[in-house]
Amino acid sequence: MREERTASRAVRLGNFIRGYYSHMIILTVVAAILAGKLSPYSIKPLTPYMLYFIAVMIWAMSVTIKFSDLSLTLKKGRLIGCGLLTNFIFLPFLCYALAAALMSGYPLYAAGFILMGTVPCAGMNVVWTGLLKGDVALALLLGALTMLLGIVTIPWLTALLAGVYASVDVLGMLNTLLSVLIIPIALGMITRNILQKASRQGAEHYLPAFPPVAAIMAMILMFIMVAVNIPAIPMTGDILLVLLVPPLVLFPIAFGGIHIFCNRILRCAERETVAIVYSSGMKHLPLAMGIAFVSLGQQAALPIAVAAVFQTVNAGLFYRLFQAKSRSTSSCPCDASAGSSSRE
């Protein structure tokens, strides 16, 4: 009975966070700006604990991923290849192009912005895909694969694309990823296995408790990053343009470009397109913030924190566009006429 009540509370909390996540992100950023302006030195003592927050977030996400399903990759080879291409080629080079065009005068901001394009997709990709009745299994596969491959691709892509703006210690970044990705992922798999054996109802009974933990850790990380950086930013027009324009341009191009590539060029089904769009355009920005802070410096994390607001808002806008497209397709007069003619 107690297990049922705990699971029910976790489901309600998870639903609340999913329903209001975009609002919570915006409120987190506003609160961080106020904290950074009013009490700039009270948040800084939290920065040494950022890697721990990231590790807990990755662990909570990993418990919900069924890594045994990676065997399905062979059956979805074309779709997985498309998702990996958009994740590790299209997005990093798009971030590089925008950084070169709009942030070259601020090398640390440019390096952080490029790093943002190299990280794996966020766990929320599954939530958005599920809400839009997309291919959830494909979204889960892409989430697990990009997380595992990111251990290698993040440092090498960052060194290749951002090396001109900042010194990138590839081995140091690999060491950081070992502590914030490999160990938490392994612990997540162990936790899922323990839960599977400990409960008659299996691990799935406990899974709703973990996404809220990951979401809360992500908001704590964002709060720290913004609050710590705000006092050091001269609030001039050019700085604001450098921080606001690149993410404002990035996400519509990313989501729209991936949609066109999958839907029009590769002729993927709509539910598969939804999964690939959200599994590529939704980057794991809390992870990017932590890596930037540790490996590139405090300032490199700021454009990522700002981009988090734009990413969440953009995901919501595309959600509405996908919904509208789905409704228009289902209510297409040609479908109705085809149905009536077939009945005749």
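Read the figures in this text as sums done on the coordinates, not as results from a lab. These figures come from a predicted structure and were not determined experimentally. All Cβ positions, glycine included, derive from the backbone under ideal geometry; neighbour counts span all protein chains shown.
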Place a point 7 Å from the Cα of Lys75 in the direction of its beta carbon; the residues of region 276-309 whose amide N falls under 19 Å from it are 276
So the pair-distance distribution of the chain, from every Cα-Cα distance in 10 Å bins, comes to percents of 6, 25, 34, 23, 9, 3, 1, 0
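Between Lys44 and Gln196, what FRET efficiency follows from the Cβ-Cβ distance if R0 is 51 Å, with the result rounded to 0.05? Walk me through the intermediate numbers first.
Details: r = 41 Å, r/R0 = 0.81.
So the FRET efficiency works out to roughly 0.80.
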Here region 145-161 yields Karplus 3J(HN,Hα) values (6.51, -1.76, 1.60; θ = phi - 60°; whole Hz; Gly and Pro given as x) of 5, 5, 5, 5, 5, x, 4, 9, 6, 4, x, 6, 5, 5, 4, 5, 9
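Using 0.36 nm per residue, how much length does the chain from Leu321 to Glu204 gain when fully extended, once their Cα-Cα distance is taken away? Numbers along the way, then the final one.
Values: separation 117, 0.36 × 117 = 42.12 nm, distance 3.16 nm.
Full extension from Leu321 to Glu204 adds 39.0 nm.
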So the angle from the long Cα axis of helix 333-343 to the longest Cα principal axis of the chain, reported in degrees to the nearest 10, equals 20 degrees
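Which value in deg cm²/dmol, rounded to the nearest 500, describes the helix-derived mean residue ellipticity at 222 nm for the chain, given -39,500 (n - 2.57) per DSSP H run of n ≥ 4 and division by the residue count?
Working: 15 runs with 255 residues, N = 344.
Computed ellipticity for the chain at 222 nm equals -25000 deg cm²/dmol.
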Under 5 Å from the placed amide H of Lys283, counting only residues 5+ away or on other chains, we find Ala122
Comparing Arg271, Arg327, Arg12 in a Gaussian network model of the chain (Cα, 10 Å), the one with the largest mean-square fluctuation is Arg327
The helix 50-64 Cα axis meets the longest alpha-carbon principal axis of the chain at an angle in degrees, between 0 and 90 and rounded to 10, of 10 degrees
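Need the full-extension length gain, Val152 to Leu27, defined as separation in residues times 0.36 nm minus the C-alpha distance. One decimal, nm. Please list the in-between numbers first.
On the way: separation 125, 0.36 × 125 = 45.00 nm, distance 3.40 nm.
Difference between extended and current length: 41.6 nm.
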Taking alpha-carbon centroids only, region 83-97 lies from region 150-222 a number of Å equal to 20 Å
